[in-house]
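In what follows, a single structure is set out as structure tokens and then discussed.
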Amino acid sequence: MEIEIAAAPAGKEASEARSVLRLANLSKSFGGVQALDRVSLQVGRGEVHGLLGQNGSGKSTLIKILSGFHAPDPGAQLWIDGQEISLPVAPGALREHGLSFVHQHLGLIPSITVLENLLVYDLAIADRWAINWRAEAQRARELFARYDIRLDPLAGVSRLSPVERAQLAIVRAFDWLQRTRGGEGASGLLVLDEPTPFLPADTYAYVLETATLRASSNFTSAPGMT
Ligand SMILES: Nc1ncnc2c1ncn2[C@@H]1O[C@H](COP(=O)(O)OP(=O)(O)OP(=O)(O)O)[C@@H](O)[C@H]1O
Ligand SMILES: [Mg+2]
């Protein structure tokens with residue numbers, strides 16, 4: 001099931017050209033379980049979408065196909081910014097196309113610090129020695145202050161509360177988009193897979209507000225929530 005929160009765009013062709021993401025004919029079965037059955041989804045620039053469905057209806061499966069964790073069944077098609085991308089995508093490949101994810105189980109590494117988690121994708125692609133840790137710690141403090149979050153960049157993630165972990169995962173996703181897609185005219189898509197059950201009501205509202213604000217300025221969000 002799909003609910004489009006944003007207003008429907010004018011013409012079909014115009015809207016497809018403006019789409020940040022378009023999926024067609026996406027199916028996925030796990031043995032005898034059909035998790036996704038010919039799903040289509042189109043997300044336009046500046047739109048906020050919510051994927052609604054009961055437990056087990058396939059929301060996470062769709063997001064895991066985008067993040068390269070699962071391969072879809074043959075026949076699916078995907079376009080990012082109008083460019084067709086062949087499926088399956090390699091794990092994390094769509095980050096390079098401006099997609100940023102917060103997974104249902106957050107995807108943090110508990111045994112390392114807040115700062116190392118914040119930069120974990122940089123660590124995966126860059127030489128560790130090329131990172132100026134002192135400058136990055138300061139940048140992280142400013143980043144957390146901007147989001148009104150009290151996190152010590154040098155603290156171990158294993159010591160964080162569930163709320164703090166969710167905050168870190170969400171800010172990390174925003175930060176990745178901001179750093180990699182902050183340029184004029186660059187589109188980006190933030191994909192949230194139910195990270196909010198861990199959050200108190202006021203923080204939950206804040207995440208939605210921030211996502212909506214970002215969408216209206218530059219980026220697009222697709223929170224998957226039940
Ligand atoms: N790795 C897997 N192996 C086998 N079956 C799976 C696997 N992942 C998901 N499924 C099945 O696919 C279906 C869709 O699961 P999915 O996790 O995508 O649902 P969901 O909408 O995210 O649910 P929830 O609201 O509980 O997070 C379910 O029937 C689930 O049991
Ligand atoms: Mg799920």
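The values are calculated or read from the model by the stated rules, or taken from the named source; none is laboratory data. No experiment lies behind these values; they were computed from the predicted model shown. Cβ atoms come from the backbone with ideal geometry, glycine included; neighbour counts cover every protein chain shown.
Worth a mention:
- The residues of region 144-154 that are closer than 14 Å to Leu119 by Cα and either in contact with a helix residue (DSSP H, G or I) (Cβ under 6 Å, 6 or more places away or on another chain) or not assigned by TED's automatic domain parsing to the domain that holds Gln178 (or both) amount to a single one, Pro153.
- The residues on offer are Ser187, Ser100, Ser86, and the sole one that is hydroxyl-bearing (Ser, Thr, Tyr) and more than 19 Å from the chain's Cα centre (by Cα) is Ser86.
Matching residues to (1) basic (Lys, Arg); (2) buried (at least 21 other Cβ atoms within 10 Å of the Cβ); (3) touching a Lys or Arg at 6+ places or on another chain (Cβ under 6 Å):
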{"residue": "Glu136", "(1), (2), (3)": "no, no, no"}
{"residue": "Arg139", "(1), (2), (3)": "yes, no, no"}
{"residue": "Gly156", "(1), (2), (3)": "no, no, no"}
{"residue": "Glu164", "(1), (2), (3)": "no, no, no"}
{"residue": "Ala173", "(1), (2), (3)": "no, yes, no"}
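- Pro72 vs. criteria in contact with a Phe, Trp or Tyr (Cβ under 7 Å, 6 or more places away or on another chain), over 20 Å from Thr180 (Cα atoms) and either modelled with pLDDT under 90 or assigned by TED's automatic domain parsing to the domain that holds Val33 (or both): no
- Looking across region 38-70, just one residue is more than 16 Å from ligand 2 (Cβ to nearest atom) and out of contact with any strand residue (DSSP E or B) (no Cβ under 8 Å at 6 or more places or on another chain), and that is Gly68.
- Condition met for Gly92 (surrounded by 15 or more Cβ atoms within 10 Å (Cβ to Cβ) and either modelled with pLDDT under 95 or within 12 Å of Leu168 (Cα to Cα) (or both)): yes
- Check on Leu78, away from ligand 2 (no atom under 16 Å from the Cβ), in contact (Cβ under 8 Å) with a residue 12 or more places away in the chain and outside the structural domain of Arg181 (by TED's automatic domain parsing): yes
- Applying the criterion of being among the β-branched types (Val, Ile, Thr) and at pLDDT 90 or above to the residues of region 21-58, the residue that is nearest to ligand 1 (Cβ to nearest atom) is Val33.
- Single residue of region 33-70 satisfying the filter (polar (S, T, N, Q) and assigned to a loop (DSSP other than H, G, I, E, B)) that is surrounded by the most Cβ atoms within 10 Å (Cβ to Cβ): Ser67
- Some residue of region 121-134 being closer than 19 Å to Ala166 by Cβ, of a type outside the set (D, E, K, R) and in contact with a helix residue (DSSP H, G or I) (Cβ under 7 Å, 6 or more places away or on another chain): yes
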